[in-house]
Amino acid sequence: MIRAGKLDRQITILRETETVAASGAVSKTWAALKTVRAELVQRTAEEYLTGFGEADAGGGVFRIRYHAGIDLGDRIGLDAALYDINEVVELGRKRGLELHCSRVAA
């Protein structure tokens, strides 16, 4: 069970969408799918060890309440950072999800 007090972050789950202009040009953008409360379980050591001006590598594991339809093609937005979802793990019987993510380089 996920305790509500641990869900101390607000994340936005983004999905890539395609729009077709009148000229026939296709453009891809990221649109907000859901905004949910989450717990940041861990961050990789790379985030703590990188110095100022070095590569922005890293990732994390987010725990959220269960939401159907979240897949590996989605992204997570937290503050100004974007994360690609690498793995979705179901916790219990539709109790929650653990989203293993890697940070998107800007």
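The values are calculated or read from the model by the stated rules, or taken from the named source; none is laboratory data. Everything numeric in this text was worked out from a predicted model, so none of it was measured. Because the Cβ atoms are built from the backbone with ideal geometry, glycine has one as well, and the counts that use them run over all protein chains shown.
Among the residues of the stretch 1-28, how many are of a type outside the set (A, V, I, L, M, F, W, C) and surrounded by 10 or more Cβ atoms within 10 Å (Cβ to Cβ)?
9
Can you name the residue in the stretch 69-88 that is without any contact (Cβ under 8 Å) to a residue 24 or more places away in the chain and touching a Lys or Arg at 6+ places or on another chain (Cβ under 8 Å) and is also surrounded by the most Cβ atoms within 10 Å (Cβ to Cβ) among such residues?
I85
So that you can scan it fast, the table gives a plain yes or no per residue for (1) over 10 Å from the mean Cα position of the chain (by Cα); (2) of a type outside the set (D, E, K, R):
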| site | (1), (2) |
| --- | --- |
| V61 | no, yes |
| R65 | yes, no |
| G73 | yes, yes |
| I76 | no, yes |
| A81 | no, yes |
| V89 | yes, yes |
| G92 | yes, yes |
| S102 | no, yes |
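In the list G73, G96, G92, G60, which residue meets the criterion of being among the small types (G, A, S) and out of contact with any strand residue (DSSP E or B) (no Cβ under 9 Å at 6 or more places or on another chain)?
Exactly one of G73, G96, G92, G60 is among the small types (G, A, S) and out of contact with any strand residue (DSSP E or B) (no Cβ under 9 Å at 6 or more places or on another chain), namely G92.
Mind listing whichever residues of the stretch 83-104 are part of a loop (DSSP other than H, G, I, E, B) and out of contact with any Asp or Glu (no Cβ under 6 Å at 6 or more places or on another chain)?
Within the stretch 83-104, G92, R93, K94, R95 meet the criteria.
For the stretch 35-55, what are the residues that are within 19 Å of A80 (Cβ to Cβ) and either at pLDDT 85 or above or surrounded by 13 or more Cβ atoms within 10 Å (Cβ to Cβ) (or both)?
Residues satisfying the conditions are T35, V36, R37, A38, L40, R43, T44, E46, E47, T50.
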